[in-house]
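Student: One structure, pasted below without further comment.
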Amino acid sequence: MMQSSNELVAPISDSWLIIGASSAIAQKLISECLKQDERTKIFAVSRSPKGKISNGAEKRVHWIQSDYSEASIIEIVGVLKEKKPRIRQVIICNGILHNEKFSPEKSLVEIKIDNLQEVMRINAFIPMLWVKHLKPVLTKSKRCTITAFSARVGSIEDNRKGGWYSYRASKAALNMLMKSASIEYSRSPKHVNFVLFHPGTTESALSRPFLERVTKESIFQPQLVAEYLIEILANSNKDDDLKFLAWNGETVPW
Ligand SMILES: NC(=O)c1ccc[n+]([C@@H]2O[C@H](COP(=O)([O-])OP(=O)(O)OC[C@H]3O[C@@H](n4cnc5c(N)ncnc54)[C@H](OP(=O)(O)O)[C@@H]3O)[C@@H](O)[C@H]2O)c1
């Protein structure tokens, strides 16, 4: 187990770019980051027009609305280029498991191409577009980590129960896309490293319909997960290869 919140002294500075910023975990990441370092500024990207940050540090959060189309991503990256922030952390939180139209598939007969494509688009392709377009901006940063929220169920080796076809496949695809991107980034600009992060079962809109099957002790609150991730990022080295890490810092098998 890692240490808990109050003991954390993460060396955070400059700007963080948090994408999918209305996620339950992202909201706590933003608050915790602002609390831990008074100089940090945050660019928060979301479909929502505004976040719920209310700890007095809202002025350090630049909230940007996006529909995550490639055009919107290019426009936001253009704004970042103009502002020339030194981005130290990019954290991509986007991910869906269900929505009003579909639930994760229990069996092959439930697979629908539209649902599969939608989950792939949000969980794998949108993160990839950010990584594609951010490269010129991050070239100017000194050192940066790109973190994408993955999930243990995206591990092929760890898949013992089957089911959840779209979600599992989308996270496995995300992992592979990030692996290739990390290799390309390691050639240039070299100083960017990548983390694929599994937060553990965490209470949020994404997990809520499935929490009945999980023991209470195994369900994390978003605040704790935010603290775990900040600690992982504080301890990651610039020369690290891409890692697939769980909330406790343990490596998740591919
Ligand atoms: N909760 C868990 O138990 C658990 C376990 C393993 C992995 N994860 C992963 O952790 C990440 C954060 O999830 P969470 O638990 O904090 O869930 P959440 O509160 O439901 O957040 C959902 C996230 O997905 C984005 N999103 C939702 N619908 C979208 C759409 N149509 N287009 C683009 N983006 C969309 C949201 O971005 P906006 O800000 O734009 O709304 C937000 O970042 C996800 O990638 C998830 O797969 C969660």
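The values are calculated or read from the model by the stated rules, or taken from the named source; none is laboratory data. Nothing here was measured: the structure is a model prediction, and the numbers come from that model. Methodologically, a virtual Cβ is constructed for each residue, glycine included, from the backbone with ideal geometry; neighbour enumeration extends over all protein chains shown.
Student: Restricting to region 67-84, and then to whatever is part of a loop (DSSP other than H, G, I, E, B) and surrounded by fewer than 19 Cβ atoms within 10 Å (Cβ to Cβ), can you tell me which residue is farthest from the chain's Cα centre (by Cα)? Working first, answer last.
Tutor: Kept after step one, since they are part of a loop (DSSP other than H, G, I, E, B), are these residues of region 67-84: 67-69, 84.
When the remaining residues are screened for being surrounded by fewer than 19 Cβ atoms within 10 Å (Cβ to Cβ), the result is 67, 69, 84.
On the way: ASP67: 17, SER69: 18, LYS84: 22 Å.
By that ranking, first place goes to LYS84.
Student: Now, a different point. ILE183 versus (1) more than 22 Å from VAL131 (Cβ to Cβ); (2) more than 14 Å from the ligand (Cβ to nearest atom); (3) free of Cβ contacts under 8 Å to residues at least 60 places away in the same chain: which is the lone unmet condition?
Tutor: Of everything listed in (1) more than 22 Å from VAL131 (Cβ to Cβ); (2) more than 14 Å from the ligand (Cβ to nearest atom); (3) free of Cβ contacts under 8 Å to residues at least 60 places away in the same chain, ILE183 misses just condition (1).
Student: Say we look at region 105-131 and pick out the residues that are of a type outside the set (Gly, Ala, Ser) and exposed (fewer than 11 other Cβ atoms within 10 Å of the Cβ); which of these is nearest to the ligand (Cβ to nearest atom)? Write out each step before concluding.
Tutor: We begin by selecting, within region 105-131, every residue of a type outside the set (Gly, Ala, Ser); these are 105-106, 108-123, 125-131.
Going one step further and asking which of them are exposed (fewer than 11 other Cβ atoms within 10 Å of the Cβ), we end up with 108-109, 113-114.
Details: LEU108: 22, VAL109: 24, ILE113: 17, ASP114: 13 Å.
Residue satisfying both the conditions and the ranking: ASP114.
Student: Based on what the data block shows, is LYS132 among the charged types (D, E, K, R), in a loop (DSSP other than H, G, I, E, B), over 17 Å from GLU250 (Cα atoms) and over 15 Å from the mean Cα position of the chain (by Cα)? Walk me through it before giving the result.
Tutor: Details: among the charged types (D, E, K, R): yes; in a loop (DSSP other than H, G, I, E, B): no; over 17 Å from GLU250 (Cα atoms): yes; over 15 Å from the mean Cα position of the chain (by Cα): yes.
Answer is no for this residue.
Student: Can you confirm whether region 86-103 contains a residue that is in a loop (DSSP other than H, G, I, E, B) and in contact with an Asp or Glu (Cβ under 7 Å, 6 or more places away or on another chain)? So that I can check it myself, show each step before the final result.
Tutor: First pass over region 86-103, keeping only residues in a loop (DSSP other than H, G, I, E, B): 86, 93-103.
In the following step, the residues that additionally are in contact with an Asp or Glu (Cβ under 7 Å, 6 or more places away or on another chain) were identified as 86.
Yes, region 86-103 has at least one match.
Student: Could you please find all residues in region 100-109 being without any contact (Cβ under 8 Å) to a residue 12 or more places away in the chain and not hydrophobic (A, V, I, L, M, F, W, C)?
Tutor: First, pick out the residues of region 100-109 that are without any contact (Cβ under 8 Å) to a residue 12 or more places away in the chain: 100, 109.
GLU100, the sole residue that qualifies.
Student: Now a separate question. Given the conditions (1) in a loop (DSSP other than H, G, I, E, B); (2) at pLDDT 95 or above; (3) crowded, with 17+ Cβ neighbours inside 10 Å, and given that VAL45 satisfies all but one, which numbered condition is not satisfied?
Tutor: Here VAL45 clears every test but (1).
Student: Which ones in region 194-239 are of a type in the set (Asp, Glu) and within 18 Å of the chain's Cα centre (by Cα)?
Tutor: First pass over region 194-239, keeping only residues of a type in the set (Asp, Glu): 203, 212, 217, 227, 231, 239.
Passing the criteria: GLU203, GLU227, GLU231.
Student: What tally of residues in region 205-234 results from selecting those that are in a loop (DSSP other than H, G, I, E, B) and either under 22 Å from VAL252 (Cα atoms) or more than 12 Å from the ligand (Cβ to nearest atom) (or both)? Give the derivation first.
Tutor: First pass over region 205-234, keeping only residues in a loop (DSSP other than H, G, I, E, B): 205-207, 214-215, 219, 221.
Narrowing the set further to residues that are either under 22 Å from VAL252 (Cα atoms) or more than 12 Å from the ligand (Cβ to nearest atom) (or both) leaves 206-207, 214-215, 219, 221.
Number of matching residues: 6.
Student: Kindly list, by first and then second residue, each pair from a residue in region 58-79 that is acidic (Asp, Glu) to a residue that is surrounded by 15 or more Cβ atoms within 10 Å (Cβ to Cβ), limited to pairs with Cβ atoms under 7 Å and residues at least 6 apart or on different chains.
Tutor: GLU70/LEU129
Student: Could you grab me the full set of residues in region 146-160 that are in contact (Cβ under 8 Å) with a residue 60 or more places away in the chain, surrounded by fewer than 23 Cβ atoms within 10 Å (Cβ to Cβ) and within 15 Å of PHE197 (Cβ to Cβ)?
Tutor: Of all residues in region 146-160, those in contact (Cβ under 8 Å) with a residue 60 or more places away in the chain come to 147, 149-150, 152, 155-158.
Then keep just the ones that are surrounded by fewer than 23 Cβ atoms within 10 Å (Cβ to Cβ); that gives 152, 155-158.
Those that are in contact (Cβ under 8 Å) with a residue 60 or more places away in the chain, surrounded by fewer than 23 Cβ atoms within 10 Å (Cβ to Cβ) and within 15 Å of PHE197 (Cβ to Cβ): ARG152, SER155.
Student: With respect to LEU177, determine if the residue is more than 23 Å from SER107 (Cα to Cα), assigned to a strand (DSSP E or B) and touching a helix residue (DSSP H, G or I) at 6+ places or on another chain (Cβ under 9 Å).
Tutor: Values: more than 23 Å from SER107 (Cα to Cα): yes; assigned to a strand (DSSP E or B): no; touching a helix residue (DSSP H, G or I) at 6+ places or on another chain (Cβ under 9 Å): yes.
For LEU177, the condition - more than 23 Å from SER107 (Cα to Cα), assigned to a strand (DSSP E or B) and touching a helix residue (DSSP H, G or I) at 6+ places or on another chain (Cβ under 9 Å) - is not met.
Student: Restricted to region 18-60, and to residues that are hydrophobic (A, V, I, L, M, F, W, C) and more than 15 Å from the chain's Cα centre (by Cα), which residue is farthest from the ligand (Cβ to nearest atom)? Break it down stepwise before answering.
Tutor: First pass over region 18-60, keeping only residues hydrophobic (A, V, I, L, M, F, W, C): 18-19, 21, 24-26, 29-30, 33-34, 42-45, 53, 57.
Filter once more, so that each one left must be more than 15 Å from the chain's Cα centre (by Cα): 34, 53, 57.
On the way: LEU34: 17, ILE53: 13, ALA57: 19 Å.
The qualifying residue farthest from the ligand (Cβ to nearest atom) is ALA57.
Student: Right, something else. Filter region 2-30 down to the residues that are at pLDDT below 95 and either at positive phi or small (Gly, Ala, Ser) (or both), then identify the one that is surrounded by the most Cβ atoms within 10 Å (Cβ to Cβ).
Tutor: Checking each candidate, the answer is SER15.
Student: A further question follows. Considering only region 149-174, how many residues are assigned to a helix (DSSP H, G or I) and within 12 Å of the ligand (Cβ to nearest atom)?
Tutor: 9
Student: Is there a residue in region 137-148 that is of a type outside the set (S, T, N, Q), part of a helix (DSSP H, G or I) and more than 10 Å from the ligand (Cβ to nearest atom)?
Tutor: Of region 137-148, the ones of a type outside the set (S, T, N, Q) are 137-138, 140, 142-144, 146, 148.
This time we only want the ones that are part of a helix (DSSP H, G or I), so: 137-138.
Still in the list and also more than 10 Å from the ligand (Cβ to nearest atom): 137-138.
Checked region 137-148: at least one residue is of a type outside the set (S, T, N, Q), part of a helix (DSSP H, G or I) and more than 10 Å from the ligand (Cβ to nearest atom).
Student: Counting only residues that are of a type in the set (D, E, K, R) and surrounded by fewer than 12 Cβ atoms within 10 Å (Cβ to Cβ), how many does region 186-207 have?
Tutor: Here is the first cut: in region 186-207, the ones of a type in the set (D, E, K, R) are 187, 190, 203.
Filter again for surrounded by fewer than 12 Cβ atoms within 10 Å (Cβ to Cβ), leaving 187.
Number of matching residues: 1.
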